[in-house]
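Written out below as structure tokens is the structure these notes cover.
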Amino acid sequence: MISLYCPVCLKGGSYENLLIHLYHHGYDDIQANILLNYDKTYKGLIDHFDLKLPEVDQRDERFIFYSKFLCEMYDFFRPLPSEHANLRVEKDIIELVKVYREVLGCKIFKIKEKLKGSGYVTDIDKYEFIVLSEIYKEVVDYQEQLSQPPSGSVLYPRAIKRGSEYLVSWDHIEFKEKKVTVSVHEVDRKSIIDVSSSQELLNYIKEDYFKVRFKGEYFRLNFTDNRKRDLSESTVSDIEDLLRANSKDISKMLKNIRFKGKPLHGTGEIKPTVVDRGDSRFIKNKHEYIQLAVSYCRGNDKVYSIKEHYNGREEGAIIIEYKRSNHTYLLVENENKDRSAHLFAFDKKSMNNVEQVCAYYTSDKENKRGLIKGRLIDFKKDFNTSFDVKTLYHSDIEKYKDYLLEYLNIIG
Ligand SMILES: [Zn+2]
């Protein structure tokens, strides 16, 4: 049975017109077909019945093949925030996944009725019933996942996985007394390695020294199958040699760390410049992360230009103010792509956020980024932010986009 309504926006029409209509939403032919081929009279029924799965030989090649085929076709039912952003739908991602879930529920219920009836039932019907039920569970899980705020407050860059090894960069390394810890956050693995010349202070020169002097340096970290680390194949212990070989430079850098500067709160004298965000000249020479972040502005959102005081130098930076339903977000982006971005969230009613954040970045306080990174400033207390400040890395634009949209569109 073909639905004569667009399941996304409920616009009615003939099948042919709806195919074109769904194409304008951003769906391809096959996806549009999936979205129109269901019987809406079965809506909501699936949740009230226990789905007894029919018995089939799941090792049968035909089952495996068909299962793979269906999973690929229905893959778009669990869109990444970046994929959702490419669709032209007026629904947020959670609402959209709910629509998919309902469509899928109707399809499953229809096959259930067929299997129960007295008519002819093929193996394909049974296969479809089993696989769609599996996909349904995944969609439900995904819907729940999306509704939960992301855990942890720092958004880490991912390590690069190659077989059983991970390539980690300075972002994954934390210096401790006489050891370093290496964290691969996405798989929740941490490795502690003895490095006799390590000390905690080294964390403060990570941005300015290690990431500059040893830019693009990756270390290998190997785990065997049972999650134990395999040091013979890892190169993380090379950090020891690196620290020794550069001990002179490093101690010079450490001497320069002084925690001085203007008080955290601005005196009100610093006024950021508002930029016309439609001005193409302003955005043209900025890196792609800034361009993307500015493109998410709407309504009264504003872009401010500031000069970030970066350890004795002035660097061009921008603050983007996004006003959303629950929070006002301030994204601080430096024009230097090597510097990560920071996202501050304030209650939507709070005032003077831009001035406050601007005063922090333009003050001559040293090692401001190190302070954020080392969590040595309690922004929740000092600035009254809703969350701890988030760090967004410039290592993967898709991830960056997903993280940003997660806050702007989902948490809102
Ligand atoms: Zn529509």
*Please go through segment 231-250 and pick out each residue that is of a type in the set (Ser, Thr, Tyr) and either surrounded by 10 or more Cβ atoms within 10 Å (Cβ to Cβ) or modelled with pLDDT of 90 or more (or both).*
Ser234, Thr235, Ser237, Ser247
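Give me the strands (runs of 3 or more DSSP E) completely within segment 129-230, filtered to those with at least 3 residues that are modelled with pLDDT of 80 or more, ordered by residue number. Walk me through it before giving the result.
Working: elements: 160-162, 165-168, 173-176, 179-184, 189-194, 219-222.
Ranges flagged: 165-168, 173-176, 179-184, 189-194, 219-222.
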*asked:* Take Ser363 and tell me if it is assigned by TED's automatic domain parsing to the domain that holds Leu292, hydroxyl-bearing (Ser, Thr, Tyr), surrounded by 17 or more Cβ atoms within 10 Å (Cβ to Cβ) and more than 18 Å from Tyr304 (Cβ to Cβ).
replied: no
_Check on Tyr329, outside any strand (DSSP E or B) and in contact with a helix residue (DSSP H, G or I) (Cβ under 9 Å, 6 or more places away or on another chain)_ = no
*Exactly one condition in (1) within 16 Å of the ligand (Cβ to nearest atom); (2) without any contact (Cβ under 8 Å) to a residue 40 or more places away in the chain; (3) part of a helix (DSSP H, G or I) is not met by Leu10; state its number.*
(3)
*Condition broken by Ile411, with the remaining ones in (1) buried (at least 18 other Cβ atoms within 10 Å of the Cβ); (2) within 21 Å of Asp347 (Cβ to Cβ) satisfied*: (1)
_Need the failing condition index for Ile34 against (1) farther than 17 Å from Ile135 by Cα; (2) within 30 Å of the chain's Cα centre (by Cα), just the number._
(1)
*When Tyr120 is evaluated against the numbered criteria (1) assigned to a helix (DSSP H, G or I); (2) aromatic (Phe, Trp, Tyr); (3) modelled with pLDDT under 95, which criterion, by number, is the only one it fails?*
(1)
*Report the residue count in segment 277-328 for those that are among the acidic types (Asp, Glu) and within 19 Å of Lys390 (Cα to Cα).*
2
_helices (runs of 4 or more DSSP H) contained entirely in segment 22-105, each with at least 2 residues that are modelled with pLDDT under 90, away from the ligand (no atom under 16 Å from the Cβ) and polar (S, T, N, Q)_ = none
*State all residues of segment 55-70 that are exposed (fewer than 15 other Cβ atoms within 10 Å of the Cβ) and of a type outside the set (Lys, Arg); if no residue qualifies, say none.*
Glu55, Val56, Asp57, Gln58, Asp60, Glu61, Ile64, Phe65, Phe69
*asked:* Which of the numbered conditions does Ser305 fail, given that it passes all the others? Conditions: (1) modelled with pLDDT of 75 or more; (2) assigned to a helix (DSSP H, G or I).
replied: (2)
_Given the criterion exposed (fewer than 14 other Cβ atoms within 10 Å of the Cβ), outside the structural domain of Lys91 (by TED's automatic domain parsing) and at pLDDT below 85, identify the matching residue among Asp388, Asp378, Asp347._
Asp378
_Just the residues that are in contact (Cβ under 8 Å) with a residue 60 or more places away in the chain and more than 17 Å from Glu90 (Cα to Cα), please, taken from segment 13-40._
Ile34, Asn37, Tyr38, Asp39, Lys40
*Tally the residues that are buried (at least 19 other Cβ atoms within 10 Å of the Cβ) and aliphatic (A, V, I, L, M), restricting the search to segment 391-404.*
2
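The values are calculated or read from the model by the stated rules, or taken from the named source; none is laboratory data. Nothing here was measured: the structure is a model prediction, and the numbers come from that model. So basically every Cβ, Gly included, is an ideal-geometry build from the backbone, and we count neighbours across all protein chains shown.
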